[in-house]
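Input: a single structure, listed below in structure tokens.
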Amino acid sequence: MATGLNGLILFEDEHLLVINKPSGINTHRPDVHAPDGIHEWLNRRYGGELAILHRLDKDTSGVIVFGKTRAANQSLAKQFERHTLRKEYLLLSALKPKRTKCHARSPNTETEFEYLEPHAGAFLVAARPVTGKTHQIRLHAQECGFPILGDTEYGGDPAPRLMLHAHRLTIAHPVSGDWMTFTAPVPAGFDEMNALTAAREYRELLFGGTDTDCYRLVSAGGDGLPELIVDWFAGQALVQWQTGAEIAGVYERLGADVVYAQTVLKGKRTEARLVRGEAGECVAREHGLRYRIRFDEGLSAGLFLDQRENRWRLLRMPLAGKSMLNCFAYTCAFSVAAAQAGARTTSVDLSRNYLEWGKENFALNSLPVEGHDFVAGDVFEWLKRFAKRAQRWDVVLLDPPTFSTTKKGRAFQAERDYGELVQLAAPLVAPGGWLFCSTNQRTFKAEEFERVVRGSVAAVGRQISDREFVTQPFDFRFAKGDQAYLKTLWARLAE
């Protein structure tokens, strides 16, 4: 059974997993370089057991059921195919339906609508699809004269999210045959139609009741607030303004005990300043591990939140008695996760101050620093030294900054120099070990990044036996038309 997903799971037993999918997440991953769908994300937590039995559009929220056994998959597939189960959606429209009930039909599709009541300045309608075709409810709502708010593709007025929610699903249990109804509560965004409420609702489903209390609360254009980024750390918020003007009332509406703010414009980043509450210690939790957070320490508060899923993977890898080299270690968050999983770690970073911060993170998690190495210096130079010593590690992590300059004046630019970095690191990976390559360089396209990594590994005589491409987590949303900026390739090198 998956743990720490209380905000998402509606029901679970041996055969079924029923969740309340947030608006803005695909049911499954559309292509290899795209962010996970909810299916892939859950599958990693369940060991690849879940079967997709039906789908919801990316921007539709609500009840979705996955099968965990063959009996469940067979039974529910028949119920969906024969339309013996019952589905009810809720939608909001800016236009009041002319009749209480509307029955919409088109080739091979059928939907029953019932107008319920005025709601939050709009009109609430129940939709009961008899069939289950893509975009069926959205198209039929437009044809009936009440297009869905947020559905500009089908005539709806703009809104902070698509106001369509899979509210109830009634099925026969695949083993007992008993009828069961699963209900996903009406989203907060239906009551308060603003972008900040929609952003918070989305994160609360993903992180509510979990052992993680740090995440991106607002992701600029991905949440309909292009001028604003908000990172949340254990009840404290770091607000980054992407414009010279601030939106009135944002600090109060965040619900944070302490708020820091800074302006981040092209080529300019101000120091974070305290704008609400009293400054004090901040320790955030991620997957049950603790990390020291400081809001006055340059480009980041001490933890790169967009690498959360990769640290989760390290925590669950069989690393007991293994070794890991963490290059560009910063405050050693990857090293903490690997050490918790039983690995001996070597952390390399140019900054001694950050490595000392990393030691604090070890201490916060009762991990002794003895047996772990913290090496200050230029990663490129140390990779060459390690090679001369014929040192090897079971995992080698490369997560360099997009741009950097060493104390000797060496400039690193990810798109230009990543191949050289891989050629230095790949020989240090033990046979059968993993090479982790990651970059947040936006102009470095995913296909080209993967080509560079694979070519550079081959150039030093190593072969990739297994690989997986992953990108940024769900809370790092991006606007329609944009692409994920974080690119990571986990490459297993042949024995």
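Can you give the FRET efficiency for LYS98 and GLN74, using 1/(1 + (r/R0)^6), R0 = 35 Å, r = Cβ-Cβ distance, to the nearest 0.05? Provide the component values of the computation, followed by the final result.
Details: r = 43 Å, r/R0 = 1.23.
For R0 = 35 Å, the calculated efficiency reads 0.20.
Once fully extended, how much extra length lies between GLU252 and GLU192, figured as 0.36 nm per residue of separation less the alpha-carbon to alpha-carbon distance?
Working: separation 60, 0.36 × 60 = 21.60 nm, distance 1.61 nm.
Fully extending the segment from GLU252 to GLU192 adds 20.0 nm.
Based on the Cβ-Cβ distance of ASP13 and GLU495, what FRET efficiency does E = 1/(1 + (r/R0)^6) give at R0 = 56 Å, to the nearest 0.05?
Values: r = 41 Å, r/R0 = 0.73.
Computed FRET efficiency for ASP13 and GLU495: 0.85.
Hey, quick one: spin label on LYS384, modelled 7 Å out along Cα-Cβ, who in the stretch 410-436 has an amide N within reach, i.e. under 17 Å?
The answer is 410-413, 417-428.
Put a dot 7 Å past each Cα toward the Cβ at ASP482 and ILE52; how far apart are the dots in nm?
Here the answer is 2.5 nm between the modelled labels.
Going highest first, how would you order 268-279, 40-51 by mean Cβ packing within 10 Å? Before the final figure, lay out the partial values.
Working: 268-279: 12.8, 40-51: 15.7.
Peptide ranking by packing, descending: 40-51, 268-279.
Subtract the Cα-Cα distance of ASN353 and ASP373 from 0.36 nm times their separation in residues, and report this length gain in nm to one decimal. Walk me through the numbers on the way to the answer.
On the way: separation 20, 0.36 × 20 = 7.20 nm, distance 1.48 nm.
Stretched fully, the ASN353-ASP373 segment lengthens by 5.7 nm.
Give the residue list of trypsin sites (Lys or Arg not before Pro) in the stretch 78-130 that are DSSP loop and have at most 15 other beta-carbon atoms within 10 angstrom. Let's see the in-between values first.
Numbers: sites: LYS78, ARG82, ARG86, LYS87, LYS98, ARG99, LYS101, ARG105; in loops: LYS98, ARG99.
For trypsin sites (Lys or Arg not before Pro) across the stretch 78-130 that sit outside H, G, I, E and B with at most 15 neighbouring Cβ atoms in 10 Å, the list reads LYS98, ARG99.
What ranking, highest mean first, results for peptides 336-347, 202-213 when packing means the other Cβ atoms within 10 Å averaged over each residue? Before the final figure, lay out each step's value.
Details: 336-347: 23.2, 202-213: 17.6.
So the peptides 336-347, 202-213, ranked by packing, come out 336-347, 202-213.
Please give the FRET efficiency for GLN391 paired with GLU114, using the beta carbon to beta carbon distance and R0 = 60 Å, rounded to the nearest 0.05. Don't skip to the end; give the middle numbers.
Details: r = 69 Å, r/R0 = 1.15.
Efficiency, rounded to the nearest 0.05: 0.30.
Carbon and sulfur together cover what percent of the accessible area of the chain at a 1.4 Å probe radius?
Details: 10260 of 21810 Å².
So the carbon and sulfur contribution to the accessible surface is 47 percent.
Just checking my list (1) -0.95, -1.03, -1.06, -1.12; (2) -0.49, -0.63, -0.94, -1.26; (3) -0.56, -0.70, -1.00, -1.28 against log10 I(q)/I(0) by the Debye sum over Cα atoms at q = 0.08, 0.09, 0.11, 0.13 Å⁻¹ computed from this structure; which label fits?
Identified label for the calculated read-out: (3).
Give a quick list of trypsin sites (Lys or Arg not before Pro) in the stretch 409-495 that DSSP marks as loop, anything other than H, G, I, E or B, with at most 12 other Cβ atoms within 10 Å. Could the numbers behind the result be given before it?
Numbers: sites: ARG410, ARG416, ARG442, LYS445, ARG451, ARG454, ARG462, ARG467, ARG477, LYS480, LYS487, ARG492; in loops: ARG410, ARG442, LYS445, ARG462, ARG477, LYS480.
In loop regions of the stretch 409-495 (DSSP not H, G, I, E or B), the sparsely surrounded trypsin sites (Lys or Arg not before Pro) are ARG410, LYS480.
Could you tell me how far the Cα centroid of the stretch 426-495 sits from the Cα centroid of the stretch 255-271, in Å?
Taking the Cα centre of each part, the stretch 255-271 and the stretch 426-495 sit 31 Å apart.
Take the alpha carbon atoms of the stretch 28-52, find their center, do the same for the stretch 301-334, and report the distance between the two centers in whole angstrom.
When both Cα centres are located, 21 Å separates them.
Is there a pair in LYS21/LYS133; LYS21/LYS445; LYS58/LYS480; LYS384/LYS445; LYS21/LYS78; LYS21/LYS96 whose C-alpha atoms are over 21 Å apart, and which pairs would that be?
On the way: LYS21/LYS133 19 Å; LYS21/LYS445 29 Å; LYS58/LYS480 12 Å; LYS384/LYS445 28 Å; LYS21/LYS78 23 Å; LYS21/LYS96 27 Å.
Those over the limit are LYS21/LYS445; LYS384/LYS445; LYS21/LYS78; LYS21/LYS96.
Accessible area per residue, 1.4 Å probe, Å², for the stretch 225-338: what's the number? Walk me through the intermediate numbers first.
Numbers: 4740 Å² over 114 residues.
About 42 Å² of surface per residue is accessible.
So what is the 222 nm mean residue ellipticity for the chain from helices alone, if each DSSP H run of at least 4 adds -39500 (n - 2.57) and you divide by all residues, rounding to the nearest 500 deg cm²/dmol?
Numbers: 12 runs with 117 residues, N = 495.
Rounded to the nearest 500, it is -7000 deg cm²/dmol.
Among DSSP bridges having both ends in the chain, what percentage is antiparallel? Round to the nearest 5. Present the calculation step by step, with values, prior to reporting the outcome.
Values: 79 of 105 bridges.
DSSP beta bridges in the chain are roughly 75 percent antiparallel.
Over the stretch 1-146, average the accessible area per residue using a 1.4 Å probe and give it in Å², no decimals. The partial results should precede the final answer.
Numbers: 6840 Å² over 146 residues.
With all protein chains present, the stretch 1-146 gives 47 Å² per residue.
Measure of size requested: the Rg and Dmax of the stretch 383-495, with Cα atoms as the atom set and Å as the unit; please supply both.
14.6, 49
The values are calculated or read from the model by the stated rules, or taken from the named source; none is laboratory data. Model, not experiment: these values are computed from the prediction. Every residue, glycine among them, receives a Cβ derived from its backbone with ideal geometry; neighbour counts consider all protein chains shown. The area values use the complete protein model at the heavy-atom level, side chains included, leaving out ligands, DNA and RNA. Shrake-Rupley method; radii C 1.70, N 1.55, O 1.52, S 1.80 Å.
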